[in-house]
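**Q** Pasting in a structure now, in structure tokens, and then I'll have a few things to ask.
Bear in mind these aren't lab numbers, they're just calculated from the coordinates by the rules spelled out. Just so it is clear, the structure is predicted and the values come from calculations on it, not from any experiment. As a convention, Cβ positions derive from the backbone with ideal geometry for all residues, glycine included, and neighbour counts pool all protein chains shown.
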Amino acid sequence: MSKTIKKIISSFLILIVLVGMIPVHADTKGDLIDPVNFIGDDTTNGGVKLTKTVSVVDKEQGIYNVKFDISSKDSVKSNSVTNPLYAVIVFDTSGSMCESFKHDCGDKWQNATEGAISFSKELLKNVEGANIALVTFANNAKVAREFDNKELKNVDFNEPNGGTNMAKGLQEAFTLLNNVKEENAKKFVILMSDGEPQVYTNIFTDYIARKEASDEATNIKNNNIELFAVGYDTTESNAEFLKTLVTSPDSKYYSSGKIDDIATKFNNIVSNISKFPAGIDVTIKDVIGDNFNYVDKSATDGVIVDNNTVTYKIDKLSEKEDITFNFNIQVKDNIKTGWHDTNNNASISYTDSLGENKNLELEKSSKVYWKIPKYDYVINYYKDEINEENLIDSINNTDEYDKEITVDTTYKLPEGYYYKGEEIKFNIKEEGNIVNVIYSKKDNLSYCVNYFYDGIVDINATECYYDQTYGKEITSFIDKPKEGYVFDNFEPIVILDQEENIMNVYYKKVESGEIVPPKTGVESSFDGISFVSMSSLILLGIYSVKKYINV
């Protein structure tokens, strides 16, 4: 055997030993399996991923948190567009954009305009049918070019000169976009400036200029228009102000551009606005498991709970923002012990970037192991009637709530007794689990009386009696004397639980001239009527007369 094969066998044996050392997991109340389940993929173009996570809130009380995370990858569509796209560049043409404040403004102005032109080219390349407009601002603002499906040109920018009336530039951009009435149009404002708003007067009016710019930016964002900004060759203070204007988070909507990379910063924005939501009109549904209840007032705002159906709706999905919502569920009272699904199903439905309806459904469910409390129960066994003296035994035990118990109606069954009721079943409750079983004497037994004459049984004389009760003492019989025979003796019996109960009655021959006094005090019964053996009475009379004469 080669060394390699020996090593493989040795490693395999070690693995077997190690596996054997792993402790076997014992199911414990409140345990979870498969706490995280997901469907979909948020790494592919236009992909959507739904993740459901169940975690313990209170293990003893059976309370669990159910959290949903929805993430996506925007759809990048080259040379096609489902929703129309409108972008307005708001371009700073104040005097500070010119290095020498003369007609020859140097690299700063040239790079800025080339960056904006490059933006228009890239956007049109990525999104066929995109509409681009240009607003310039200095002391005032003007629409330098209306919306057009063409790239910008140098002549569109005029020359830098004057103050920084940023508010007016944003206002003009909003007016352009507000006039666009196409349904589902995507709208963007790209602000490019090298400073804060100012009007070259005094500090107080500069403060007003900043506030007005901030108000205009807020109005834009409140109307579902995404606002980007490029701080071009700015101071730290100017950059911080520009960050306050953009759509949140500023880390995604603000870029700090240098003279030599302004085109790159503009084109980074192109990669953002040429993407489309992976889904719109999104609905997430979850049906809480049959053995759980929704915990009142535990859900995130926007979550609708109707009976055990949970619904959450989203206008659109964007990779810029992951969406999360959650709620709590609790194990129902006294459910069966075992593993229970926290939900029957969970799904996400939406319209994708191509206008197709999608529905993704989780196939697996988190499970909770639950043990319900056990409650005491007692089964008492009696003979004849319920009293302490007749108690045979008691079974004291515990079992789970609602567990069906079938009573053993043969337990310690005494001889000669039986249970004559129907089968006894009961379900365990929180209290009052007491059952009484009463055994009755058998009343379907029988006995027969055999008659012997000088030791020979007369089978034609035999009498049998039915429906007799166990333990009954039989001390009488029907007297059947024959001529020449007199009663001799009999053996009283007690009815036992056996196939044959036999009483024997004996007669003997009377010798010539012999008078034998009968046995007295023996009653005989037939069909429930008792009477004294007639032959015994006759013999008793003869015996008495003879005794009197002798006296």
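**Q** Of the peptides 322-332, 391-401, how do they stack up when ordered by the mean number of other Cβ atoms within 10 Å, highest first?
**A** Values: 322-332: 18.2, 391-401: 13.3.
Result, highest mean first: 322-332, 391-401.
**Q** Mind listing P(r) for region 374-441? All alpha-carbon pairs, 10 Å bins, whole percents.
**A** 21, 50, 25, 3
**Q** Something else: Any of 29/313; 121/168; 121/320; 252/364 with alpha carbons more than 31 Å apart? Name them for me.
**A** Values: 29/313 34 Å; 121/168 26 Å; 121/320 24 Å; 252/364 36 Å.
In this structure, 29/313; 252/364 lie more than 31 Å apart at Cα.
**Q** For region 312-372, just the Cα atoms, rotate onto the principal axes and tell me the three extents in Å, largest first.
**A** That gives 50, 20, 15 Å along the principal axes, largest extent first.
**Q** At q = 0.12, 0.18, 0.22, 0.28 Å⁻¹, what is the log10 ratio I(q)/I(0) for region 93-161, with the Debye formula run over Cα points and no solvent?
**A** For the requested q values the scattering log ratios are -0.33, -0.69, -0.93, -1.23.
**Q** Would you order 389, 151 from fewest to most other beta-carbon atoms within 10 Å of each residue's own beta-carbon?
**A** Placing the least packed residue first, the sequence is 389, 151.
**Q** Taking region 85-276, how much of its Cα-Cα pair set, in percent, is spaced more than 23 angstrom apart?
**A** Of all Cα-Cα pairs in region 85-276, 34 percent lie more than 23 Å apart.
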